[in-house]
Amino acid sequence: MEIENLSLRIDETPLNALISSKLPKGTNLQELKVVMDEGEVSLEGKYFAVMFPIKFKVLLHIELSSNNIAVNFKDFKIQGMPAALFKNMLIEFISDQTGDIDGISTGDNGIVIMPEVMLKKEGISLGGNLKKIECLKGSIRIIAGS
């Protein structure tokens, strides 16, 4: 089986339900959700410091890069702690949660999702290239084709 043309829409609501179900109990990051808007995606939630929760918002820049999807951290908004410290903690958290998933890697700038690697593990060949990614209100659309 080979996928030659594909339009994949990822909706915000089921994605957030998946994130909630996979979020480990007892972590300092809680109430994580992805918010998708026209041309913009953000990760929002609360970081539980010593005694009280601190709301945060991370703007994400999503783009295609060498047939992969790059999710780069664009801007951090958090009160009560240095953004650089929070960024490092967030990257470490994401690395811990995705470390055993083939096709996802993390770095200082964000996350790289490699659909070809993920599909290959399932025995599916991506016979074309990723052509476009669109950030819409409530969803993201990924378009691939030969």
Out of all the residues in the range 88-146, which are at pLDDT 90 or above and among the basic types (Lys, Arg)?
-> Lys131, Lys132, Lys137, Arg141
Filtered residues of the range 1-16 (kept if surrounded by 12 or more Cβ atoms within 10 Å (Cβ to Cβ) and free of Cβ contacts under 8 Å to residues at least 60 places away in the same chain) = Leu15, Asn16
Leading residue by the ranking (surrounded by the most Cβ atoms within 10 Å (Cβ to Cβ)) among those in the range 56-74 that are under 15 Å from Ala144 (Cα atoms) and not hydrophobic (A, V, I, L, M, F, W, C) = Asn68
Evaluation of Ile54 against (1) within 17 Å of Ser139 (Cα to Cα); (2) of a type outside the set (Phe, Trp, Tyr); (3) modelled with pLDDT of 85 or more (one fails), failing number = (1)
For strands (runs of 3 or more DSSP E) lying entirely in the range 31-104, having 2 or more residues that are in contact with a strand residue (DSSP E or B) (Cβ under 9 Å, 6 or more places away or on another chain) and farther than 22 Å from Ser20 by Cα picks out 53-65, 68-78
Quick one: Thr27 ticks every box in (1) within 24 Å of Ile133 (Cβ to Cβ); (2) touching a residue at least 40 places away in the same chain (Cβ under 8 Å); (3) not aliphatic (A, V, I, L, M) except a single one, so which number is it?
-> (1)
Just one of the numbered conditions (1) touching a residue at least 60 places away in the same chain (Cβ under 8 Å); (2) among the hydrophobic types (A, V, I, L, M, F, W, C); (3) touching a helix residue (DSSP H, G or I) at 6+ places or on another chain (Cβ under 6 Å) is not true of Ile104; which one?
-> (1)
From the list Lys33, Lys87, Lys74, Lys22, which residue is under 30 Å from Glu116 (Cβ atoms) and either within 12 Å of the chain's Cα centre (by Cα) or small (Gly, Ala, Ser) (or both)?
-> Lys33
What residue, of Gly80, Gly45, Gly99, is under 14 Å from the mean Cα position of the chain (by Cα) and surrounded by fewer than 14 Cβ atoms within 10 Å (Cβ to Cβ)?
-> Gly99
Residues Thr27, Thr13: which one is modelled with pLDDT of 95 or more and not in a strand (DSSP E or B)?
-> Thr13
Among the residues of the range 108-134, write down those that are part of a loop (DSSP other than H, G, I, E, B) and without any contact (Cβ under 8 Å) to a residue 60 or more places away in the chain.
-> Asp108, Asn109, Met114, Glu122
One residue from Phe86, Phe93 being free of Cβ contacts under 8 Å to residues at least 60 places away in the same chain, farther than 29 Å from Asn5 by Cα and crowded, with 16+ Cβ neighbours inside 10 Å | Phe86
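The values are calculated or read from the model by the stated rules, or taken from the named source; none is laboratory data. Quick caveat: nothing in here was measured; it's all calculated off a predicted structure. All Cβ positions, even for glycine, are placed from backbone atoms using ideal geometry, and neighbour counts span all protein chains on display.
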